[in-house]
Amino acid sequence: MPMILYVKLWCPWCVEAIEYLDRRGYRYELRDVLADAGAYARMREISRQPLTPTMEVGGKVLADFDTGQLERFLEREGIEP
């Protein structure tokens, strides 16, 4: 199931999320919402808010999170690398 991570590259929480996923071997598509208006629109549509990071995977959405929330989300949803 594809994992999409919507970010603003300068956002410290986004940088932490990228590092967290990379260290654990997750494969994901990175979408910079400041460089891609379509990605920004999609993020707003699925999360109903403008904040990053936002993750979309398997029909589930986690918006405006830190790495602790990300870890709990991945565990709860049974999402592994």
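General observations
- Taking every residue in the stretch 30-47 that is assigned to a helix (DSSP H, G or I) and pairing it with any residue that is modelled with pLDDT of 95 or more and of a type in the set (Ser, Thr, Tyr), at least 6 positions away or on another chain, the pairs with Cβ-Cβ distances below 7 Å are ALA39/TYR6; MET43/TYR6; MET43/THR54; SER47/THR54.
- Against the test of being touching a Leu at 6+ places or on another chain (Cβ under 6 Å) and open to solvent by 20 Å² or more (accessible area, probe 1.4 Å), the options LEU30, LEU34 yield a single qualifying residue, LEU30.
- Scan of the stretch 14-47 for residues that are among the hydrophobic types (A, V, I, L, M, F, W, C) and over 10 Å from the mean Cα position of the chain (by Cα), ordered by number: VAL15, VAL33, LEU34, ALA35, ALA37, ALA39, ALA41, ILE46
- Scanning the stretch 3-16 turns up no residue that is among the charged types (D, E, K, R) and without any contact (Cβ under 8 Å) to a residue 24 or more places away in the chain.
- Among the conditions (1) within 18 Å of ARG27 (Cα to Cα); (2) in a helix (DSSP H, G or I); (3) open to solvent by 70 Å² or more (accessible area, probe 1.4 Å), the only one that PRO81 does not satisfy is (2).
- Residues considered: GLY25, GLY58. Of these, the only one that is modelled with pLDDT under 95, open to solvent by 20 Å² or more (accessible area, probe 1.4 Å) and not aromatic (Phe, Trp, Tyr) is GLY58.
The values are calculated or read from the model by the stated rules, or taken from the named source; none is laboratory data. Remember, predicted model here, so these are calculated numbers, not experimental data. Note that each Cβ is placed from the backbone with ideal geometry, even for glycine, and that neighbours are counted across all protein chains shown. Just so you know, the surface numbers come from the protein's heavy atoms only, side chains and all, with ligands and any DNA or RNA stripped out. Shrake-Rupley method; radii C 1.70, N 1.55, O 1.52, S 1.80 Å.
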